[in-house]
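A short write-up of the structure that comes next.
The values are calculated or read from the model by the stated rules, or taken from the named source; none is laboratory data. The structure presented is a predicted model; accordingly, all values stated were derived computationally and were not measured. So basically every Cβ, Gly included, is an ideal-geometry build from the backbone, and we count neighbours across all protein chains shown.
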Amino acid sequence: MLYHLLFPLHTTYSAFNVFRYITFRAALAALTALLISFILGPFLIRSLAAKQIGQPIREDGPASHSNKAGTPTMGGTLILLALVLSTVLLADLANMYIGIALFVTVGFGAVGFADDYLKLKRRSSRGLTARAKLLLQLGVAFLAAVALYLQPSFSSVLGVPFLKNIRPDLGIWYVPFAMLVVVGASNAVNLTDGLDGLAIGPVMTAAGTYAFIAYLTGHLRLAEYLQIPYVSGVGELSIFCGAMVAAGLGFLWFNTYPAQMFMGDVGSLSLGAALGIVAVITKNEILLIVVGGVFVIEALSVIFQVVSYKLRRKRVFLMAPIHHHYELKGWPEPQIIVRFWIVSIICSLLALSSLKLR
Ligand code: 57M
(Lines give C-alpha, C1' and ligand atoms only; values in the text may rest on other atoms or scores of the structure.)
Protein backbone atom coordinates (compact mmCIF):
# COMPACT_ATOMS: atom_id res chain seq x y z
CA MET A 1 0.00 0.00 0.00
CA LEU A 2 2.81 2.37 0.93
CA TYR A 3 4.40 1.34 -2.34
CA HIS A 4 1.27 2.32 -4.27
CA LEU A 5 0.91 5.59 -2.34
CA LEU A 6 4.53 6.74 -2.28
CA PHE A 7 6.12 5.50 -5.48
CA PRO A 8 3.92 7.65 -7.80
CA LEU A 9 5.23 10.74 -5.94
CA HIS A 10 8.65 10.17 -7.50
CA THR A 11 7.71 12.42 -10.42
CA THR A 12 7.53 15.35 -7.96
CA TYR A 13 10.05 14.23 -5.32
CA SER A 14 12.80 12.11 -6.83
CA ALA A 15 13.62 10.63 -3.39
CA PHE A 16 10.54 8.42 -3.70
CA ASN A 17 12.19 6.72 -6.64
CA VAL A 18 13.83 4.46 -4.07
CA PHE A 19 10.49 2.63 -3.73
CA ARG A 20 11.10 1.22 -7.21
CA TYR A 21 13.80 -1.06 -5.79
CA ILE A 22 12.84 -4.48 -4.50
CA THR A 23 15.90 -4.62 -2.23
CA PHE A 24 14.90 -1.35 -0.50
CA ARG A 25 11.30 -2.45 -0.02
CA ALA A 26 12.41 -5.91 1.23
CA ALA A 27 14.62 -4.27 3.87
CA LEU A 28 11.82 -1.88 4.87
CA ALA A 29 9.30 -4.75 5.03
CA ALA A 30 11.69 -6.67 7.29
CA LEU A 31 12.08 -3.68 9.64
CA THR A 32 8.30 -3.16 9.68
CA ALA A 33 7.69 -6.83 10.52
CA LEU A 34 10.22 -6.64 13.38
CA LEU A 35 8.62 -3.48 14.73
CA ILE A 36 5.13 -5.02 14.63
CA SER A 37 6.41 -8.15 16.44
CA PHE A 38 8.17 -6.18 19.17
CA ILE A 39 5.21 -3.86 19.75
CA LEU A 40 2.48 -6.49 19.67
CA GLY A 41 4.42 -9.44 21.17
CA PRO A 42 4.28 -8.52 24.88
CA PHE A 43 0.66 -7.41 24.51
CA LEU A 44 -0.27 -10.73 22.86
CA ILE A 45 1.50 -12.81 25.54
CA ARG A 46 -0.31 -10.85 28.28
CA SER A 47 -3.72 -11.20 26.66
CA LEU A 48 -3.23 -14.92 25.85
CA ALA A 49 -2.13 -15.54 29.44
CA ALA A 50 -5.08 -13.51 30.80
CA LYS A 51 -7.51 -15.54 28.68
CA GLN A 52 -5.64 -18.69 29.80
CA ILE A 53 -4.90 -19.66 26.19
CA GLY A 54 -2.18 -22.04 27.32
CA GLN A 55 -0.77 -25.19 25.75
CA PRO A 56 -2.26 -28.51 26.89
CA ILE A 57 0.70 -30.98 27.13
CA ARG A 58 0.43 -34.61 26.02
CA GLU A 59 1.02 -37.07 28.82
CA ASP A 60 2.96 -39.50 26.61
CA GLY A 61 5.66 -36.92 25.76
CA PRO A 62 9.14 -36.51 27.23
CA ALA A 63 8.87 -35.77 30.95
CA SER A 64 10.84 -32.53 30.52
CA HIS A 65 7.83 -31.05 28.70
CA SER A 66 5.47 -31.17 31.67
CA ASN A 67 6.78 -27.82 32.96
CA LYS A 68 5.76 -26.25 29.63
CA ALA A 69 2.05 -26.69 30.41
CA GLY A 70 0.14 -23.42 30.17
CA THR A 71 2.70 -21.62 27.98
CA PRO A 72 0.63 -19.24 25.84
CA THR A 73 0.16 -20.66 22.37
CA MET A 74 -1.17 -19.34 19.04
CA GLY A 75 1.79 -16.94 18.86
CA GLY A 76 1.62 -17.68 15.14
CA THR A 77 -1.02 -14.95 14.94
CA LEU A 78 1.78 -12.50 15.75
CA ILE A 79 3.94 -13.91 12.93
CA LEU A 80 1.03 -13.78 10.50
CA LEU A 81 0.13 -10.20 11.44
CA ALA A 82 3.73 -9.03 11.04
CA LEU A 83 4.23 -10.94 7.79
CA VAL A 84 0.95 -10.03 6.12
CA LEU A 85 0.85 -6.35 7.21
CA SER A 86 4.42 -5.60 6.15
CA THR A 87 3.93 -7.36 2.81
CA VAL A 88 0.68 -5.50 2.17
CA LEU A 89 2.43 -2.20 3.00
CA LEU A 90 5.51 -2.67 0.87
CA ALA A 91 4.90 -5.16 -1.95
CA ASP A 92 3.21 -4.49 -5.27
CA LEU A 93 -0.32 -5.73 -4.61
CA ALA A 94 -1.11 -5.88 -8.31
CA ASN A 95 1.44 -8.69 -8.56
CA MET A 96 -0.49 -11.99 -8.73
CA TYR A 97 2.34 -13.97 -7.12
CA ILE A 98 2.13 -11.81 -4.00
CA GLY A 99 -1.65 -12.34 -3.96
CA ILE A 100 -1.27 -16.13 -4.24
CA ALA A 101 1.45 -16.28 -1.54
CA LEU A 102 -0.71 -14.21 0.85
CA PHE A 103 -3.78 -16.33 0.09
CA VAL A 104 -1.94 -19.57 0.91
CA THR A 105 -0.40 -18.13 4.09
CA VAL A 106 -3.68 -16.77 5.42
CA GLY A 107 -5.66 -19.84 4.24
CA PHE A 108 -3.36 -22.31 6.04
CA GLY A 109 -3.24 -19.93 9.00
CA ALA A 110 -7.05 -20.13 9.22
CA VAL A 111 -6.94 -23.96 9.20
CA GLY A 112 -4.29 -23.89 11.96
CA PHE A 113 -6.28 -21.32 13.92
CA ALA A 114 -9.38 -23.54 13.83
CA ASP A 115 -7.29 -26.50 15.02
CA ASP A 116 -5.68 -24.52 17.87
CA TYR A 117 -9.00 -23.03 18.89
CA LEU A 118 -10.66 -26.45 19.17
CA LYS A 119 -7.71 -27.85 21.17
CA LEU A 120 -7.91 -24.97 23.63
CA LYS A 121 -11.68 -25.10 23.87
CA ARG A 122 -11.60 -28.83 24.59
CA ARG A 123 -8.48 -28.41 26.76
CA SER A 124 -6.89 -31.42 25.06
CA SER A 125 -4.62 -32.22 22.11
CA ARG A 126 -7.69 -33.09 19.98
CA GLY A 127 -8.23 -30.31 17.48
CA LEU A 128 -9.63 -30.76 13.97
CA THR A 129 -9.65 -34.40 12.88
CA ALA A 130 -6.61 -35.36 10.75
CA ARG A 131 -8.97 -35.92 7.81
CA ALA A 132 -10.70 -32.52 8.10
CA LYS A 133 -7.35 -30.77 8.49
CA LEU A 134 -5.92 -32.46 5.39
CA LEU A 135 -9.02 -31.78 3.29
CA LEU A 136 -8.97 -28.09 4.20
CA GLN A 137 -5.25 -27.87 3.44
CA LEU A 138 -5.77 -29.59 0.08
CA GLY A 139 -8.65 -27.21 -0.71
CA VAL A 140 -6.55 -24.07 -0.15
CA ALA A 141 -3.57 -25.58 -2.00
CA PHE A 142 -5.79 -26.57 -4.93
CA LEU A 143 -7.15 -23.03 -5.40
CA ALA A 144 -3.64 -21.58 -5.25
CA ALA A 145 -2.18 -24.16 -7.65
CA VAL A 146 -4.94 -23.59 -10.21
CA ALA A 147 -4.57 -19.79 -9.96
CA LEU A 148 -0.85 -20.21 -10.55
CA TYR A 149 -1.31 -22.61 -13.45
CA LEU A 150 -3.58 -20.07 -15.15
CA GLN A 151 -0.98 -17.27 -14.96
CA PRO A 152 0.26 -16.54 -18.49
CA SER A 153 3.83 -15.89 -17.23
CA PHE A 154 3.96 -19.16 -15.28
CA SER A 155 5.22 -22.40 -16.81
CA SER A 156 4.55 -25.98 -15.72
CA VAL A 157 8.20 -26.92 -16.28
CA LEU A 158 9.94 -28.26 -13.20
CA GLY A 159 13.24 -26.83 -11.97
CA VAL A 160 15.68 -29.66 -11.20
CA PRO A 161 18.56 -28.60 -8.92
CA PHE A 162 22.12 -29.21 -10.10
CA LEU A 163 20.88 -30.42 -13.57
CA LYS A 164 20.14 -27.53 -15.91
CA ASN A 165 19.34 -29.69 -18.93
CA ILE A 166 16.67 -31.83 -17.29
CA ARG A 167 13.47 -29.80 -17.33
CA PRO A 168 10.36 -32.01 -17.34
CA ASP A 169 7.08 -30.32 -18.27
CA LEU A 170 4.34 -31.63 -15.99
CA GLY A 171 1.49 -29.92 -17.89
CA ILE A 172 -1.77 -30.13 -15.93
CA TRP A 173 -0.08 -32.54 -13.47
CA TYR A 174 1.73 -29.47 -12.17
CA VAL A 175 -1.44 -28.70 -10.16
CA PRO A 176 -1.38 -31.85 -7.94
CA PHE A 177 2.41 -31.59 -7.75
CA ALA A 178 2.23 -28.01 -6.43
CA MET A 179 -0.45 -29.09 -3.94
CA LEU A 180 1.84 -31.86 -2.70
CA VAL A 181 4.73 -29.42 -2.18
CA VAL A 182 2.59 -26.92 -0.26
CA VAL A 183 0.72 -29.42 1.92
CA GLY A 184 3.88 -31.49 2.50
CA ALA A 185 5.91 -28.45 3.57
CA SER A 186 3.12 -27.27 5.86
CA ASN A 187 2.90 -30.59 7.69
CA ALA A 188 6.67 -31.06 7.87
CA VAL A 189 7.10 -27.68 9.61
CA ASN A 190 4.27 -28.63 11.95
CA LEU A 191 6.05 -31.86 12.93
CA THR A 192 9.26 -29.93 13.59
CA ASP A 193 7.56 -27.49 15.96
CA GLY A 194 8.17 -29.43 19.17
CA LEU A 195 11.01 -27.59 20.96
CA ASP A 196 11.51 -23.89 21.73
CA GLY A 197 12.65 -22.13 18.56
CA LEU A 198 13.21 -25.41 16.74
CA ALA A 199 10.86 -24.70 13.84
CA ILE A 200 11.23 -20.93 13.52
CA GLY A 201 15.04 -21.05 13.09
CA PRO A 202 14.99 -23.24 9.95
CA VAL A 203 11.91 -21.35 8.69
CA MET A 204 14.02 -18.18 8.82
CA THR A 205 17.02 -19.68 7.02
CA ALA A 206 14.74 -21.18 4.37
CA ALA A 207 12.86 -17.89 3.89
CA GLY A 208 16.17 -16.00 3.63
CA THR A 209 17.41 -18.46 1.01
CA TYR A 210 14.23 -18.09 -1.02
CA ALA A 211 14.36 -14.28 -0.70
CA PHE A 212 17.67 -14.47 -2.53
CA ILE A 213 16.44 -17.06 -5.06
CA ALA A 214 13.26 -15.05 -5.77
CA TYR A 215 15.33 -11.94 -6.45
CA LEU A 216 17.57 -13.79 -8.92
CA THR A 217 14.66 -15.64 -10.58
CA GLY A 218 12.83 -12.36 -11.17
CA HIS A 219 15.90 -10.58 -12.56
CA LEU A 220 16.23 -11.28 -16.30
CA ARG A 221 19.97 -10.65 -16.59
CA LEU A 222 20.97 -12.46 -13.39
CA ALA A 223 18.74 -15.42 -14.24
CA GLU A 224 20.26 -15.63 -17.71
CA TYR A 225 23.78 -15.36 -16.29
CA LEU A 226 23.14 -18.16 -13.77
CA GLN A 227 21.10 -20.14 -16.30
CA ILE A 228 18.19 -20.50 -13.91
CA PRO A 229 14.54 -20.24 -15.04
CA TYR A 230 13.44 -16.58 -15.30
CA VAL A 231 9.92 -15.85 -14.03
CA SER A 232 8.80 -12.27 -14.65
CA GLY A 233 7.44 -10.53 -11.52
CA VAL A 234 8.71 -13.14 -9.06
CA GLY A 235 11.27 -10.70 -7.58
CA GLU A 236 8.44 -9.16 -5.52
CA LEU A 237 8.42 -12.37 -3.47
CA SER A 238 11.76 -11.29 -1.95
CA ILE A 239 9.72 -8.71 -0.04
CA PHE A 240 7.38 -11.43 1.24
CA CYS A 241 10.35 -13.67 2.16
CA GLY A 242 12.28 -10.81 3.79
CA ALA A 243 9.20 -10.05 5.89
CA MET A 244 8.97 -13.75 6.80
CA VAL A 245 12.57 -13.78 8.07
CA ALA A 246 11.94 -10.70 10.21
CA ALA A 247 8.52 -11.82 11.47
CA GLY A 248 10.25 -15.07 12.49
CA LEU A 249 13.04 -13.20 14.22
CA GLY A 250 10.53 -11.05 16.11
CA PHE A 251 8.70 -14.20 17.22
CA LEU A 252 11.95 -15.94 18.18
CA TRP A 253 12.54 -13.16 20.71
CA PHE A 254 9.63 -14.63 22.68
CA ASN A 255 9.93 -18.28 21.58
CA THR A 256 13.61 -18.80 22.39
CA TYR A 257 14.34 -21.24 25.22
CA PRO A 258 12.67 -21.06 27.74
CA ALA A 259 9.73 -20.06 25.53
CA GLN A 260 7.27 -17.39 26.61
CA MET A 261 4.91 -18.54 23.85
CA PHE A 262 4.50 -21.22 21.18
CA MET A 263 3.41 -20.51 17.62
CA GLY A 264 0.61 -23.12 17.51
CA ASP A 265 -0.72 -24.66 14.31
CA VAL A 266 -1.75 -21.19 13.18
CA GLY A 267 1.98 -20.48 12.85
CA SER A 268 3.47 -23.82 11.83
CA LEU A 269 0.91 -24.72 9.14
CA SER A 270 0.95 -21.26 7.57
CA LEU A 271 4.75 -20.82 7.57
CA GLY A 272 5.32 -24.27 6.06
CA ALA A 273 2.73 -23.61 3.36
CA ALA A 274 4.24 -20.17 2.70
CA LEU A 275 7.65 -21.77 2.09
CA GLY A 276 6.03 -24.40 -0.14
CA ILE A 277 4.25 -21.87 -2.34
CA VAL A 278 7.38 -19.70 -2.61
CA ALA A 279 9.36 -22.78 -3.74
CA VAL A 280 6.69 -23.48 -6.36
CA ILE A 281 6.41 -19.91 -7.66
CA THR A 282 10.18 -19.43 -7.92
CA LYS A 283 10.46 -22.71 -9.88
CA ASN A 284 12.72 -24.18 -7.23
CA GLU A 285 10.21 -26.73 -6.04
CA ILE A 286 12.53 -29.71 -5.69
CA LEU A 287 15.26 -27.56 -4.12
CA LEU A 288 12.93 -27.19 -1.10
CA ILE A 289 14.00 -30.71 -0.11
CA VAL A 290 17.52 -29.30 0.38
CA VAL A 291 16.59 -25.82 1.69
CA GLY A 292 14.15 -27.35 4.17
CA GLY A 293 16.42 -30.30 4.98
CA VAL A 294 15.62 -30.15 8.71
CA PHE A 295 11.88 -30.43 8.02
CA VAL A 296 12.52 -33.35 5.65
CA ILE A 297 14.61 -35.18 8.28
CA GLU A 298 11.89 -34.63 10.90
CA ALA A 299 9.14 -35.92 8.58
CA LEU A 300 11.21 -38.92 7.44
CA SER A 301 11.95 -39.85 11.06
CA VAL A 302 8.21 -40.13 11.68
CA ILE A 303 7.66 -42.19 8.50
CA PHE A 304 10.52 -44.60 9.37
CA GLN A 305 9.31 -44.92 12.94
CA VAL A 306 5.71 -45.66 12.00
CA VAL A 307 6.58 -48.08 9.15
CA SER A 308 9.19 -49.89 11.23
CA TYR A 309 6.79 -50.24 14.16
CA LYS A 310 4.00 -51.53 11.92
CA LEU A 311 6.21 -54.04 10.06
CA ARG A 312 8.68 -55.19 12.75
CA ARG A 313 7.06 -54.06 16.04
CA LYS A 314 10.39 -52.30 16.67
CA ARG A 315 11.20 -48.59 16.87
CA VAL A 316 14.06 -46.95 14.93
CA PHE A 317 14.20 -43.95 17.29
CA LEU A 318 13.54 -43.73 21.01
CA MET A 319 10.69 -41.43 19.97
CA ALA A 320 9.72 -39.65 16.75
CA PRO A 321 9.95 -36.91 15.46
CA ILE A 322 13.72 -37.12 15.79
CA HIS A 323 14.10 -34.15 18.20
CA HIS A 324 12.35 -36.27 20.86
CA HIS A 325 14.93 -39.01 20.24
CA TYR A 326 17.77 -36.66 21.17
CA GLU A 327 15.80 -35.37 24.17
CA LEU A 328 15.42 -38.92 25.47
CA LYS A 329 19.12 -39.54 24.84
CA GLY A 330 19.78 -36.75 27.32
CA TRP A 331 20.82 -33.85 25.08
CA PRO A 332 19.77 -30.56 26.72
CA GLU A 333 16.97 -28.83 24.80
CA PRO A 334 18.99 -25.73 23.76
CA GLN A 335 21.73 -28.00 22.38
CA ILE A 336 19.30 -29.87 20.13
CA ILE A 337 17.75 -26.62 18.93
CA VAL A 338 21.01 -24.86 18.06
CA ARG A 339 22.43 -27.96 16.39
CA PHE A 340 19.31 -28.28 14.22
CA TRP A 341 19.69 -24.57 13.33
CA ILE A 342 23.28 -25.27 12.29
CA VAL A 343 22.07 -28.13 10.07
CA SER A 344 19.50 -25.79 8.49
CA ILE A 345 22.22 -23.23 7.68
CA ILE A 346 24.33 -25.96 6.07
CA CYS A 347 21.26 -27.02 4.04
CA SER A 348 20.75 -23.44 2.81
CA LEU A 349 24.39 -23.12 1.80
CA LEU A 350 24.16 -26.42 -0.11
CA ALA A 351 21.00 -25.19 -1.84
CA LEU A 352 22.61 -21.89 -2.80
CA SER A 353 25.55 -23.74 -4.29
CA SER A 354 23.07 -25.34 -6.73
CA LEU A 355 22.73 -21.91 -8.38
CA LYS A 356 26.29 -22.18 -9.66
CA LEU A 357 26.81 -25.95 -9.75
CA ARG A 358 24.65 -26.99 -12.66
C1 57M B 1 2.72 -31.12 16.61
N2 57M B 1 3.40 -30.30 18.56
C3 57M B 1 3.94 -30.47 19.78
C4 57M B 1 2.62 -26.01 20.04
C5 57M B 1 3.21 -25.85 18.70
C6 57M B 1 2.35 -38.55 13.59
C7 57M B 1 2.99 -37.96 14.79
C8 57M B 1 4.44 -38.12 14.76
C9 57M B 1 2.55 -36.49 14.95
C10 57M B 1 3.27 -35.74 16.03
C11 57M B 1 2.58 -34.42 16.16
O12 57M B 1 1.47 -34.34 16.58
N13 57M B 1 3.27 -33.37 15.73
C14 57M B 1 2.72 -32.07 15.48
C15 57M B 1 3.88 -31.11 17.47
C16 57M B 1 3.40 -29.49 20.86
O17 57M B 1 3.43 -28.13 20.40
C18 57M B 1 2.24 -27.48 20.04
O19 57M B 1 1.90 -27.76 18.70
C20 57M B 1 2.22 -26.62 17.90
C21 57M B 1 2.66 -26.98 16.55
N22 57M B 1 1.65 -27.71 15.89
O23 57M B 1 3.34 -24.53 18.33
O24 57M B 1 1.49 -25.21 20.17
C25 57M B 1 4.34 -29.60 22.02
O26 57M B 1 5.69 -29.37 21.58
C27 57M B 1 6.41 -28.67 22.57
N28 57M B 1 6.87 -27.36 22.03
C29 57M B 1 7.90 -26.73 22.65
N30 57M B 1 8.32 -25.52 22.18
C31 57M B 1 7.75 -24.92 21.10
O32 57M B 1 8.20 -23.80 20.68
O33 57M B 1 8.44 -27.24 23.63
C34 57M B 1 6.28 -26.79 20.92
C35 57M B 1 6.71 -25.58 20.44
C36 57M B 1 4.13 -28.58 23.11
C37 57M B 1 5.48 -28.50 23.76
O38 57M B 1 5.65 -29.57 24.63
O39 57M B 1 3.10 -29.01 23.95
C40 57M B 1 3.78 -31.90 20.25
O41 57M B 1 4.80 -32.59 20.22
O42 57M B 1 2.66 -32.27 20.61
N43 57M B 1 3.26 -36.49 17.22
C44 57M B 1 4.26 -36.46 18.06
O45 57M B 1 5.14 -35.65 17.94
C46 57M B 1 4.28 -37.52 19.12
N47 57M B 1 5.10 -38.61 18.67
C48 57M B 1 4.71 -39.91 18.63
O49 57M B 1 3.59 -40.23 18.92
N50 57M B 1 5.69 -40.79 18.22
C51 57M B 1 5.49 -42.19 18.07
C52 57M B 1 5.37 -42.55 16.59
C53 57M B 1 5.00 -43.93 16.30
C54 57M B 1 5.05 -41.52 15.60
C55 57M B 1 6.75 -42.91 18.53
O56 57M B 1 7.87 -42.41 18.34
O57 57M B 1 6.59 -43.99 19.06
C58 57M B 1 4.92 -37.03 20.37
N59 57M B 1 4.49 -35.77 20.78
C60 57M B 1 4.47 -35.46 22.08
N61 57M B 1 4.64 -36.31 22.97
N62 57M B 1 4.20 -34.21 22.48
C63 57M B 1 4.70 -38.10 21.41
C64 57M B 1 4.96 -37.63 22.73
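Worth pointing out:
- Taking the criterion of being touching a residue at least 60 places away in the same chain (Cβ under 8 Å) and assigned to a helix (DSSP H, G or I), the residues of the stretch 304-337 that qualify are His323, His324, Glu327, Leu328, Glu333, Pro334, Ile336, Ile337.
- Criterion violated by Val18 - all others in (1) surrounded by fewer than 18 Cβ atoms within 10 Å (Cβ to Cβ); (2) at pLDDT 95 or above satisfied: (2)
- Residues being more than 16 Å from the ligand (Cβ to nearest atom) and either at pLDDT below 85 or surrounded by fewer than 20 Cβ atoms within 10 Å (Cβ to Cβ) (or both) are entirely absent from the stretch 52-70.
Residue-by-condition table, conditions (1) farther than 19 Å from Gly267 by Cα; (2) outside any loop (DSSP other than H, G, I, E, B); (3) in contact (Cβ under 8 Å) with a residue 40 or more places away in the chain; (4) of a type in the set (S, T, N, Q):
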| position | (1), (2), (3), (4) |
| --- | --- |
| Asp115 | no, yes, yes, no |
| Lys121 | no, yes, no, no |
| Arg131 | yes, yes, no, no |
| Leu136 | no, yes, no, no |
| Ala147 | yes, yes, yes, no |
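- Residue in the stretch 84-91 that is of a type outside the set (Ser, Thr, Tyr), farther than 17 Å from Met263 by Cβ, within 25 Å of the chain's Cα centre (by Cα) and assigned to a loop (DSSP other than H, G, I, E, B) present: yes
Each row is one residue, and each column tells you yes or no for (1) surrounded by 16 or more Cβ atoms within 10 Å (Cβ to Cβ); (2) touching a residue at least 60 places away in the same chain (Cβ under 8 Å); (3) small (Gly, Ala, Ser).
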{"site": "Tyr257", "(1), (2), (3)": "no, yes, no"}
{"site": "Gly267", "(1), (2), (3)": "yes, yes, yes"}
{"site": "Thr282", "(1), (2), (3)": "yes, yes, no"}
{"site": "Leu288", "(1), (2), (3)": "yes, yes, no"}
{"site": "Gly292", "(1), (2), (3)": "yes, yes, yes"}
{"site": "Glu298", "(1), (2), (3)": "yes, yes, no"}
{"site": "Ser301", "(1), (2), (3)": "yes, no, yes"}
{"site": "Trp341", "(1), (2), (3)": "yes, yes, no"}
{"site": "Leu357", "(1), (2), (3)": "no, yes, no"}
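- Hits in the stretch 36-55 - residues which are out of contact with any helix residue (DSSP H, G or I) (no Cβ under 7 Å at 6 or more places or on another chain) and more than 25 Å from His324 (Cβ to Cβ): Ile39, Pro42, Phe43, Arg46, Ser47, Leu48, Ala49, Ala50, Lys51, Gln52
- Among the residues making up the stretch 43-66, those that are assigned to a helix (DSSP H, G or I) and in contact (Cβ under 8 Å) with a residue 60 or more places away in the chain are Leu44, Ile45, Leu48, Ser64.
- Candidates in the stretch 195-254 are the residues that are within 16 Å of the ligand (Cβ to nearest atom) and in a loop (DSSP other than H, G, I, E, B); of these, the one that is nearest to the chain's Cα centre (by Cα) is Ala199.
- Positions within the stretch 56-86 being in contact with a helix residue (DSSP H, G or I) (Cβ under 8 Å, 6 or more places away or on another chain), farther than 29 Å from Ala211 by Cβ and among the aliphatic types (A, V, I, L, M), in sequence order: Ile57
- Scanning the stretch 71-99 for residues that are among the polar types (S, T, N, Q) and more than 16 Å from the ligand (Cβ to nearest atom) yields Ser86, Thr87, Asn95.
- In the stretch 263-284, the residues that are away from the ligand (no atom under 16 Å from the Cβ), within 14 Å of the chain's Cα centre (by Cα) and either at positive phi or assigned to a loop (DSSP other than H, G, I, E, B) (or both): none
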